[in-house]
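The values are calculated or read from the model by the stated rules, or taken from the named source; none is laboratory data. Since the structure is predicted, the reported quantities are computational estimates derived from the model, not experimental observations. No Cβ is skipped: glycine too gets one built from the backbone with ideal geometry, and neighbour counts run over all protein chains shown. We work out accessible area using only protein heavy atoms, side chains counted, and drop any ligands, DNA or RNA first. Shrake-Rupley method; radii C 1.70, N 1.55, O 1.52, S 1.80 Å.
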Amino acid sequence: MDLFINKAGCYSCHHGPNLTDNNYYNVGPKSEDLGRYNVTHNEADCGKFRTPGLRGLNFTGPYLHNGFEVTLEDVVHLYNVGGNAHPNKDPRLKPLGLTEDEELALVAFLRSMSGTPPKISQPMIP
Ligand code: HEC
């Protein structure tokens with residue numbers, strides 16, 4: 001949690017009860033998808049996606065809007081190298097200098113935010 005809040009800076013976008021600020025950013029994903037631009041037609045929104053909540057991640061992979069990052073280790077590594085280049089990439093996406101152990105600790109923290117998945121039964125059609 002200390003890494004999440006301080007050294008890795010995740011908390012500046014992922015905060016609140018569901019670990020999201022409900023805002024839109026480009027975090028340098030590998031993708032051609034124009035994201036929020038498709039809705040606003042504003043150049044500055046190219047490649048921006050909504051900050052997702054981080055609860056239940058153990059059950060929701062693969063990750064990012066296109067599922068390009070298969071594991072949480074992959075996602076954390078993408079952040080650690082500062083994401084892929086993009087003109088709209090958020091300035092907070094820069095190399096974080098996390099050691100291999102720190103990457104693993106951050107993944108362990110993300111995994112700790114998954115409870116038992118809720119049981120959802122199929123609605124009965126009368
Ligand atoms: C600038 C804001 C911002 C910062 C800082 C940030 N994130 Fe994110 N995060 C996002 C956005 C936006 C997405 C969705 C990106 C996409 O789908 O292309 C995302 C996606 C994710 C996902 C994928 C969730 C899913 O269900 O697919 C994880 C996991 C994640 N972030 C963890 C982290 C961690 C760990 C850090 C710190 C190292 C961090 N984030 C820092 C905005 C941010």
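Annotations for the structure displayed:
- Solvent-accessible area of Tyr24, all protein chains in place: 80 Å² (probe radius 1.4 Å, heavy atoms, ligands and nucleic acids excluded).
- Of all accessible heavy-atom area on the chain, the percent that carbon and sulfur account for (1.4 Å): 57
- Charge dipole (Cα centre; +1 on Lys/Arg Cβ, -1 on Asp/Glu Cβ; no other charges) of segment 2-111 amounts to roughly 300 debye.
- Dipole of segment 2-111 computed with +1 at Lys/Arg Cβ and -1 at Asp/Glu Cβ about the Cα centre; of Asn58, Pro95, Tyr37, farthest Cα towards the positive end is Tyr37.
- Helix-only mean residue ellipticity at 222 nm for the chain, each DSSP H run of n ≥ 4 adding -39500 (n - 2.57), per residue, nearest 500: -6000 deg cm²/dmol
- Rolling a 1.4 Å probe across all protein chains gives Ser112 an accessible area of roughly 80 Å².
- Evaluated at q = 0.10, 0.16, 0.19, 0.23 Å⁻¹: base-10 log I(q)/I(0), Debye formula over Cα of segment 1-125: -0.34, -0.81, -1.11, -1.53
- In this structure Thr60 has an accessible area near 80 Å², from a 1.4 Å probe over the protein heavy atoms.
- Annotation: amide H of Glu69 within the under-5 Å range of Tyr63, sequence separation 5 or more or interchain, hydrogens built in the peptide plane.
- Residue (of His77, Leu110, Ser121) at the positive-pole extreme of the chain, dipole from beta-carbon charges: Ser121
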